[in-house]
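J.: Got a structure here, written out as structure tokens. Questions coming.
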Amino acid sequence: MQKYTLLIQIAFLTVISSNGFADWEKVSTNHHGSFFIDFETITSDRSYIYYWDLGDLNSPIGEGYLSVKSYNKGNCAAFSRKPLKNSFHKKPMGQGIGLTQKIENKNWVTPPKNSSTEKILKAACNYIK
């Protein structure tokens with residue numbers, strides 16, 4: 001029985017650590033890398049939207065991370081966002097098991113003009129309309 005439990009756990013970790021469930025669509029590119037959003041996972045309530053984005057980096061950051069997935073809360077009326085959590089991955093496109101970081105400072109931020117963050121928030125807000 002323990003053998004089957006271990007196999008189930010391994011299968012579960014393999015599934016959740018891959019990006020097989022995500023349908024990433026490229027929104028922006030710059031000198032740091034390419035930036036994507038998963039339109040299928042965008043949700044909203046009366047005032048806010050929630051969405052995943054992904055940065056696929058040209059060169060490693062930190063301890064060799066090649067991609068970063070972020071879960072964000074957006075306010076389309078005020079055109080601002082706040083990241084809720086990040087997941088750092090040593091493989092491209094958010095693959096592999098990620099190091100998750102909860103964001104403690106959850107202040108609203110207006111994305112800089114013409115930035116990848118601005119383009120992602122704009123795409124998410126346009127999608128939800």
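J.: Looking at the structure I just gave you, is I103 closer than 19 Å to G33 by Cβ and β-branched (V, I, T)?
T.: no
J.: How do the pairs read when you match residues in the stretch 30-46 that are of a type in the set (V, I, T) with residues anywhere that are surrounded by 17 or more Cβ atoms within 10 Å (Cβ to Cβ) and assigned to a helix (DSSP H, G or I), using Cβ under 8 Å and keeping only pairs 6 or more apart or on different chains?
T.: I37/I120; I37/A123; I37/A124; I42/A124
Here's the yes/no breakdown for (1) surrounded by fewer than 17 Cβ atoms within 10 Å (Cβ to Cβ); (2) not small (G, A, S):
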{"site": "S44", "(1), (2)": "yes, no"}
{"site": "S47", "(1), (2)": "yes, no"}
{"site": "Y50", "(1), (2)": "yes, yes"}
{"site": "I61", "(1), (2)": "yes, yes"}
{"site": "G64", "(1), (2)": "yes, no"}
{"site": "V68", "(1), (2)": "no, yes"}
{"site": "G74", "(1), (2)": "no, no"}
{"site": "F79", "(1), (2)": "yes, yes"}
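Rule-based calculations on the coordinates, nothing more; no lab input. None of these values were measured; they are calculated from a predicted model. Note that we place each Cβ from the backbone using ideal geometry, even for glycine, and neighbour counts take in every protein chain shown.
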